[in-house]
Amino acid sequence: MTEELTNRQNSGLSRRRLLGVAALQSAAVLGLTRVGLQAARAAEPAAADNAPAIVVGSGYGAAVAALRLGQAGIRTIVLEMGRLWNTAGADGKIFCSTAAPDERSMWFKTRTEAPLATFLWLDVVNRNITPYPGVLDRVHFGNMSVYAGRGVGGGSLVNGGMAVTPLRSYFTEQFPTVNATEMYNTYFPRARAMLGVNDIDPAWFESTEWYQFSRVSRKHAQKAGLKTTFVPNVYDFSYMEREAAGTATKSALGQEVIYGNNHGKRTLDKTYLAAALGTGNVTIHTLEKVRGIRRASDGTYVLTVDRIDVTGNVVETKEYGCTYLFLGAGVVGTSELLVRARALGTLPALDASVGAGFGTNGNVMLGRANHLWDTVGANQSTMPVMGIDDWANTANPVFAEIAPLPTGLEHWVSLYLAITKNPQRASFTYDAANDSVKLGWTAAQSAVSVSMAKKLFDRINSANSTIYRYDLFGSSSKVFADDFTYHPLGGCVLGRATDDYGRVKGYSKLYVTDGSLVPGSIGVNPFLTITALAERTMARVIAEDTAE
Ligand code: FAE
């Protein structure tokens, strides 16, 4: 491809993105639940109930699918159960902060469920809230709960923005049949460019009070002989520098992250989804939850969908039809849809491995208590930019993200989200009593992650004569938060439940494009890998399947 062609394509893409941004903005002003280019002309798109292609969800995998289908000229409906996050509330803000959560924070809960539940064992973190389709969900299974974003943009709305390319050798270990050269030369760079990944200026990092917490953790890791590495992010660091200078409204520097960022973060509604809408071929329907999938006698797919209002009531149940169906509902959403369809016999030919291969990416959260003279700073950016990288240690591979704890007060806590190489996997099975899925993950499986994280952080504590914090994860003095994951992976693993490109075994024109394809572990934060794999799938599917 010539450079000129690439430039022309890029400028076409950014023109389309601007059109899409305008459509999203006017949909918000008009209070529409469906967004298409028509919305920019002040009309709710027609209530079409079928399209050549339907995409379920609007997170990373779904957003890639929507854009590439739209660009290929294929009319596409995106069905998203969450709302469009584009309208300011009474306080003039779209999202609430972690310090003052309100109904916008969580998906139909009566109380917030922050990962870090207590401080000095006190229940001072969570708040009672009115049930509402808020932006962050915590889905509870027996021994593991899964955090997920809800709304147009999925996880991009709530995550820490870290866009990390996995170690090539580990990627190959996890995906032995995927051409790694193609991934590292084409699809990872494409995903990074589309997502707007950027790096913190190292000089600013070294000087700003907002990353003192990272520098302290780096010093402690180095004292234990461990190396640290910068991690790129989709948060606009030039915007963050302006926040620090007092010339831009604070978001990352204003305690905003897991309940959404009002500024600075390049979420999917500003990147892939805006560009998808800009093609004119994509319409996004919000507050519509797909419940069932079956196949009609002519081979097309029929989806049963509940449209909900902001109280959670189902206001309409309708059916959509499509020829090509792309599942991007995230690990829990996609597994639930497929496991249910297999159990109820609406897609009986699904492979036995559908629902299997779930892993937590070895997630464990923990805090260390620093000495009184080793202050981490009252002011902390919510966007992590550094990790302790001990993945090459074959006896105990761990990559630990240095996480912020932005309370506005000095607290002497160093917080981490450790990603361990936990080989344990579990399966989703259909729960007929509740018409949902169960997850067979046991406490013993979490203990494997804990023991790996503990080995690393015992080293750091011993080198620095420090101890763990016992007060952060509830009244039981839990040190290692091993009962939740930010990084659910698997359930419809590439090459097992699907072919090598996410085509679901047993059914033609049915695809999975989200984190379900990743076999339980990727060694780093996963959204860049999910995005790059979806780009690879869509390149193949558009070239081979839609031309038929
Ligand atoms: P995802 O983004 O979860 O999107 C799925 C979408 O489908 C959601 O919008 C759902 O509302 C929607 N949906 C689900 N079921 C249905 C249904 N039945 N009908 C209609 N819509 C449905 O999927 N990863 C990183 O790489 N870096 C980070 O810094 C990072 N930080 C994180 C912090 C937090 C608090 C959390 C929760 C996650 C974080 N992650 C991070 C993980 C990352 O956001 C996650 O891996 C991706 O969002 C997964 O992308 P998917 O495309 O699989």
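General observations
- Cα long-axis angle, helix 212-223 against the chain (0 to 90 degrees, to the nearest 10): 70
- In a reduced charge model with +1 at each Lys and Arg Cβ and -1 at each Asp and Glu Cβ, the chain shows a dipole moment near 280 debye about its Cα centre.
- Highest to lowest packing among 15-23, 55-63, 272-280, scored as the average C-beta count within 10 Å: 55-63, 272-280, 15-23
- Highest average first, the peptides 520-530, 211-221 ordered by how many other beta carbon atoms sit within 10 Å of their residues are 520-530, 211-221.
- Local net charge near Gly89, Cβ-Cβ under 11 Å (Lys/Arg +1, Asp/Glu -1): -1
- Rg and Dmax of segment 129-264, based on Cα coordinates, read 18.0, 50 Å.
- Of all accessible heavy-atom area on the chain, the percent that carbon and sulfur account for (1.4 Å): 53
- Remark: C-alpha extents of segment 433-548 on the principal axes read 65, 41, 19 Å, sorted largest to smallest.
- When both bridge partners sit in the chain, DSSP labels roughly 75% of those beta bridges antiparallel.
- Accessible area expressed per residue, the chain, with surrounding protein chains retained (probe 1.4 Å, Å²): 36
- Proximal charge balance of Ala248 [Cβ under 11 Å; K/R count +1, D/E count -1]: -1
- If only the Cβ of Lys and Arg carry +1 and only the Cβ of Asp and Glu carry -1, the dipole of segment 116-225 around its Cα centre is close to 120 debye.
- The figure for Lys289 is an accessible area of roughly 80 square angstrom, using a 1.4 Å probe on the protein chains alone.
- Intensity falloff of segment 215-308 expressed as log10 I(q)/I(0), Debye formula with alpha-carbon point scatterers, at q = 0.12, 0.18 Å⁻¹: -0.71, -1.02
- Cα centroid separation, segment 268-316 to segment 182-239 (Å): 35
- Rounded to the nearest 20 debye, the dipole size of segment 244-376 about its Cα centre is 120 debye, using +1 on the Cβ of Lys and Arg and -1 on the Cβ of Asp and Glu.
- FRET efficiency for Arg138 and Ala443, using Cβ-Cβ distance with R0 set to 22 Å, rounded to 0.05: 0.80
- Using alpha-carbon coordinates, inclination of helix 3-30 to the longest axis of the chain, degrees: 90
- Pairwise Cα separations in segment 336-387 fall into 10 Å bins from 0 onward with the following percentages, short to long: 16, 26, 16, 15, 16, 10, 1.
- Cα pair count fraction exceeding 22 Å, expressed as % - segment 66-179: 52
- Taking each of Lys289/Lys478; Lys109/Lys289; Lys265/Lys455; Lys289/Lys505 in turn, the alpha-carbon distance tops 28 angstrom for Lys289/Lys478; Lys265/Lys455.
- Compared with the dominant principal axis of the Cα atoms in the chain, helix 527-544 is inclined by about 20°.
- Per-residue [θ]222 nm for the chain (sum of -39500 (n - 2.57) over DSSP H runs n ≥ 4, rounded to 500): -8500 deg cm²/dmol
- Net charge of neighbours whose Cβ lies under 13 Å from the Cβ of Lys438, counting Lys and Arg as +1 and Asp and Glu as -1: -2
- Surface/4 of the Cα convex hull for segment 320-365, nm²: 4.5
- Based on alpha carbons, the Rg and Dmax found for the chain are 22.3, 71 Å.
- With distances taken between every two different alpha-carbon atoms, segment 409-475 has a Kirkwood hydrodynamic radius of 15.0 Å.
The values are calculated or read from the model by the stated rules, or taken from the named source; none is laboratory data. Quantities reported herein were computed from a predicted structural model and do not represent experimental measurements. Using ideal geometry, Cβ is built from the backbone for each residue, glycine included, and neighbour counts are taken over all protein chains shown. These area figures cover heavy atoms from the full protein model, side chains too; ligands, DNA and RNA do not enter into them. Shrake-Rupley method; radii C 1.70, N 1.55, O 1.52, S 1.80 Å.
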